[in-house]
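The values are calculated or read from the model by the stated rules, or taken from the named source; none is laboratory data. Owing to the predicted nature of the structure, the values given are computational and were not obtained by experimental measurement. Here the Cβ positions follow ideal geometry from the backbone for every residue, glycine too, while neighbour counts run over all protein chains shown.
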Amino acid sequence: MQKISHNDPLTHVHLMLNKALLPIFYQLLQKGFRVEGNVGCSVRALLCEQHGVAPEYLEKRIQTIFLDGKPVDNVDTAVVEEGATLSLSAALPGLVGAVMRRGGYYAPMRDQISYRGEFTSPKIKPGKVFMKLFNLPLRELGPLYLERGILVSGNTLHEVLAAHTDDFRKGCRSVLVNGQNFDLELVQEMDWENRDIFLQVNTS
């Protein structure tokens, strides 16, 4: 009988899906997810050295960055601490987008709300960061984060599975829970409350 130990605070769920189902998880990536790694480093170090984002992509495609709600202009001096929230976006539309764009012509207009941290000597330590992805980074980086694995609450996963029951029945090729094969229907019916999920999603 398929069971999950409730003594384990972290459950590893690995879904193999048809590629067409991937956008189902985009709303989850917009609302936010956690990633484990080293904190106390710069935004550039976190994204490029730990998350595998190409430096060229960071410079050309991620044009709007918020760290704990404050616009970031310098990715080398903005420090990502434990529990920080990092939001990534391409250029936003209109004047607001132009003002929020990092290093842009209108950036001085938001001087009072911009991130002002100074990166002196790194104090690297293990930790978690809360991330949100929007527009181009959502579509282009989202699949990479899902493949690497993200941390979400059990309730969040349950909501996604419950809202797309028919889609998953048609397009889910396999489900692994803590390395064991599970029936999708059983996974959808599980009680995920008060459980942390390390979620990986691969497509074929």
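Give the number of residues within the range 35-92 that are of a type in the set (Phe, Trp, Tyr) and under 15 Å from the mean Cα position of the chain (by Cα).
1
Hey, can you tell me all the residues within the range 172-195 that are over 23 Å from the mean Cα position of the chain (by Cα), under 19 Å from residue 28 (Cβ atoms) and in a helix (DSSP H, G or I)?
If the condition is that a residue be over 23 Å from the mean Cα position of the chain (by Cα), under 19 Å from residue 28 (Cβ atoms) and in a helix (DSSP H, G or I), then 184 is the only one that fits.
In the range 20-57, what residues are acidic (Asp, Glu), assigned to a helix (DSSP H, G or I) and under 18 Å from residue 79 (Cβ atoms)?
The answer is 49, and nothing else.
Is at least one residue of the range 196-204 touching a helix residue (DSSP H, G or I) at 6+ places or on another chain (Cβ under 6 Å), in a loop (DSSP other than H, G, I, E, B) and modelled with pLDDT under 90?
no
For the range 23-59: of the residues being among the acidic types (Asp, Glu) and more than 23 Å from residue 127 (Cβ to Cβ), which is surrounded by the fewest Cβ atoms within 10 Å (Cβ to Cβ)? Don't jump to the end; show me each part of the working.
Going residue by residue through the range 23-59, those that are among the acidic types (Asp, Glu) are 36, 49, 56, 59.
This time we only want the ones that are more than 23 Å from residue 127 (Cβ to Cβ), so: 56, 59.
Details: 56: 9, 59: 13.
So, considering only residues that are among the acidic types (Asp, Glu) and more than 23 Å from residue 127 (Cβ to Cβ), the one surrounded by the fewest Cβ atoms within 10 Å (Cβ to Cβ) is 56.
Is the range 62-75 home to any residue that is under 20 Å from residue 130 (Cβ atoms) and among the polar types (S, T, N, Q)?
There is at least one residue in the range 62-75 that is under 20 Å from residue 130 (Cβ atoms) and among the polar types (S, T, N, Q).
Test of understanding: among 43, 72, 53, which residue is of a type outside the set (D, E, K, R) and touching an Asp or Glu at 6+ places or on another chain (Cβ under 9 Å)?
43
For residues that are surrounded by fewer than 16 Cβ atoms within 10 Å (Cβ to Cβ) and without any contact (Cβ under 8 Å) to a residue 40 or more places away in the chain, scanning just the range 129-162, find the one that is farthest from the chain's Cα centre (by Cα).
Out of the qualifying residues, it is 162.
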